[in-house]
Amino acid sequence: MDLSIEELKRMQEINIMDLKREELANVEDIVIPTEKCMESRIKSFIEQTKNPFAQNVGEYILQVGFMDGTDDLIDDRMLLLAKRKTQILLSPHD
């Protein structure tokens, strides 16, 4: 599946409310061949997901995006998300 830059941009800009669960891959079903080169892994991911910016995760749709103008890595953002979730679960009603 070869996608153009325009197709990828369109997929990235879809409003999460317009996504259809039945058209998205389940994240548990995605298998990335880690022994392959980066290009092959990306191609495999795109082929399996149909939309690399959105997947079904349990009862939810996970939509992934990128911010312009930041040097944060995805690891930095995931740690921030985990910290925020932990604070929400541990703090009493505000």
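Quick notes on this one:
- Residues in segment 50-85 that are of a type in the set (Gly, Ala, Ser) and closer than 20 Å to Leu8 by Cβ: Ala54, Gly65, Gly69.
- For segment 46-61, the tally of residues that are in contact with a Phe, Trp or Tyr (Cβ under 9 Å, 6 or more places away or on another chain) and exposed (fewer than 15 other Cβ atoms within 10 Å of the Cβ) stands at 0.
- Yes/no for Leu80 being exposed (fewer than 10 other Cβ atoms within 10 Å of the Cβ), at pLDDT below 90 and assigned to a helix (DSSP H, G or I): no
- Scanning segment 11-45 for residues that are more than 15 Å from Gly65 (Cβ to Cβ), open to solvent by 40 Å² or more (accessible area, probe 1.4 Å) and part of a loop (DSSP other than H, G, I, E, B) yields Lys20, Val31, Ile32, Thr34, Glu35, Lys36, Cys37.
The values are calculated or read from the model by the stated rules, or taken from the named source; none is laboratory data. Bear in mind that the values here come from a model prediction, so they are computed numbers and not experimental data. Reconstructed Cβ throughout: ideal geometry from the backbone, glycine too, with neighbour counts over all protein chains shown. Calculation scope for accessible area: heavy atoms of the full protein, side chains included, ligands and nucleic acids excluded. Shrake-Rupley method; radii C 1.70, N 1.55, O 1.52, S 1.80 Å.
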